[in-house]
Each structure stands twice: as C-alpha cells, then as structure tokens.
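The values are calculated or read from the model by the stated rules, or taken from the named source; none is laboratory data. All of these numbers come straight from a predicted model, not from anything done at the bench. Cβ: placed from backbone, ideal geometry, glycine included. Neighbour counts: every protein chain shown. Heads up: the accessible areas ignore ligands, DNA and RNA and are worked out on the full protein's heavy atoms, side chains in. Shrake-Rupley method; radii C 1.70, N 1.55, O 1.52, S 1.80 Å.
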Amino acid sequence: MTDDSTRSAATLRHRLNRPGLWDFALAFYAQPEVETACLTLQDEAGVDVCELLWHCWLHRHGLGLRHAPAGLAAVHQWQVETTRPLRRLRRALKAEALEAPGVAEVRRHIKQAELAAERETLERLQRLSEACPELIAGSPAPFSLQKHLAKALKIQEKNHLLLLKTLENHLDPPQPSR
C-alpha cells in the first residue's frame, strides 16, 4: 500500500465516525416506509436487514465496497446462529403471548435479546468497515444505491427492486468528505 492509498483509506474511514452505524440505523429505520421496506425484503427476499442498513449507511457517507470483505462471513454466521433463532422464537410466541401474560413477558425478553444481537451485528459491521481495504469512495456522480444493493444482495424481483428504491429515496444525499 502506498502512502497515498494509506491516506486515502484513512480519509474514507474517517467519514464513518458520525453518525455511527447504530445511530444511523435507528434514525433511518424510524422514517416512514423504511421499516416496512426492510421487513418485506427480509421476509420475502431473505435480505439481512442489518447488512442492508450497513450498505445504506456506507452510501450515506458516499462510500461503497469493491467486493464483500472477508470478515463479512463471520457477521453472517453471527446472524444465522444468534439473531435469526431469537427472531424465530419471538415470532413463534406472538399468538400465545396475546393470551398468556407470562409468555408475553418471556417474549419481551427475547425481543430485547434480539435487539441486542442486532446491535452487536451493526457494531461488527462498523468495525469491519473501519478496517476493510475494500472500502471505496462512491463515484463522483451520485451512483444508484438501488442497483448497488440489488447486485450486492442478489435481488431481482421487481417489487423488491421498488422497495430498494424506496430506501434510496429516504436517504439524505451522501455527506461531503471533510
């Protein structure tokens, strides 16, 4: 790595300081239509919402990835082994929780654990971003987040592509480098 490329990589990573991925995810997810789009993509297209939000966060900072970083596999493993089982259990208890206060309390604790697992995922993704050489500045002209996400997340169905466009439309323009 040359001095110029080292400085460039450091400049790109500096952009990620504020807002952090967790804070971005909370604010972005709370916007109208974003939660519905994310959950539909999760349930119908198998998209990992944390990874989706990570790509949106990178795009918001004017950044992207050359290709998936090697450390992403470990994040996926965490999601498969930890977050998804909690989500399945929480969802499975939904109907019973309406009838039984004790089950509702258990479900509430599972929901808190699921949220903590998602936060851990987002923290791992942020750390991965801060260290990965695959991080690049987006093209000078605004690039299409929808096309990038469709390729990165292997989304092809028209209604799912429209949901990606919805997410792109809710993002502020990328922040200029400082």
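Working carefully through the options His76, His61, His67, find the one that is out of contact with any Gly (no Cβ under 8 Å at 6 or more places or on another chain) and modelled with pLDDT of 95 or more.
Details: His61 fails: modelled with pLDDT of 95 or more; His67 fails: modelled with pLDDT of 95 or more.
Among His76, His61, His67, only His76 is out of contact with any Gly (no Cβ under 8 Å at 6 or more places or on another chain) and modelled with pLDDT of 95 or more.
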For this session: Consider only pairs whose beta carbons are under 6 Å apart and that are at least six residues apart or on different chains; among these, list those whose first residue lies in segment 31-47 and is without any contact (Cβ under 8 Å) to a residue 40 or more places away in the chain and whose second residue is part of a helix (DSSP H, G or I) and among the aromatic types (Phe, Trp, Tyr).
Result: Glu35/Tyr29
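Rundown of residues vs (1) within 26 Å of Arg91 (Cα to Cα); (2) at pLDDT 90 or above; (3) within 17 Å of the chain's Cα centre (by Cα), yes/no style:
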{"site": "Glu123", "(1), (2), (3)": "yes, yes, yes"}
{"site": "Pro142", "(1), (2), (3)": "no, no, no"}
{"site": "Leu149", "(1), (2), (3)": "no, no, yes"}
{"site": "Lys154", "(1), (2), (3)": "yes, no, yes"}
{"site": "Pro173", "(1), (2), (3)": "no, no, no"}
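Condition first: hydroxyl-bearing (Ser, Thr, Tyr) and in contact with a Ser or Thr (Cβ under 8 Å, 6 or more places away or on another chain). Now tell me which residues in segment 65-114 satisfy that.
Quick first cut of segment 65-114, residues hydroxyl-bearing (Ser, Thr, Tyr) only: 82-83.
Result: Thr83, single match.
Filter segment 82-99 down to residues that are open to solvent by less than 60 Å² (accessible area, probe 1.4 Å) and assigned to a helix (DSSP H, G or I) and give me whichever is nearest to Leu145 (Cα to Cα).
Restricting attention to segment 82-99, the residues satisfying the condition of being open to solvent by less than 60 Å² (accessible area, probe 1.4 Å) are 82-83, 85-87, 90, 93, 97.
Okay, now just the ones that are also assigned to a helix (DSSP H, G or I), so 82-83, 85-87, 90, 97.
Details: Thr82: 28, Thr83: 26, Pro85: 30, Leu86: 30, Arg87: 27, Arg90: 31, Ala97: 39 Å.
Looking at the filtered set, the residue picked out is Thr83.
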Exercise. How about segment 26-81: which of its residues are surrounded by 14 or more Cβ atoms within 10 Å (Cβ to Cβ) and at positive phi?
Worked result: Gly62
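Here is a yes/no grid of residues against (1) closer than 17 Å to Ile155 by Cα; (2) over 15 Å from the mean Cα position of the chain (by Cα):
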site: Cys50; (1), (2): yes, no
site: Trp54; (1), (2): yes, no
site: Arg60; (1), (2): no, no
site: Ala70; (1), (2): no, yes
site: Thr82; (1), (2): no, yes
site: Pro85; (1), (2): no, yes
site: Arg88; (1), (2): no, yes
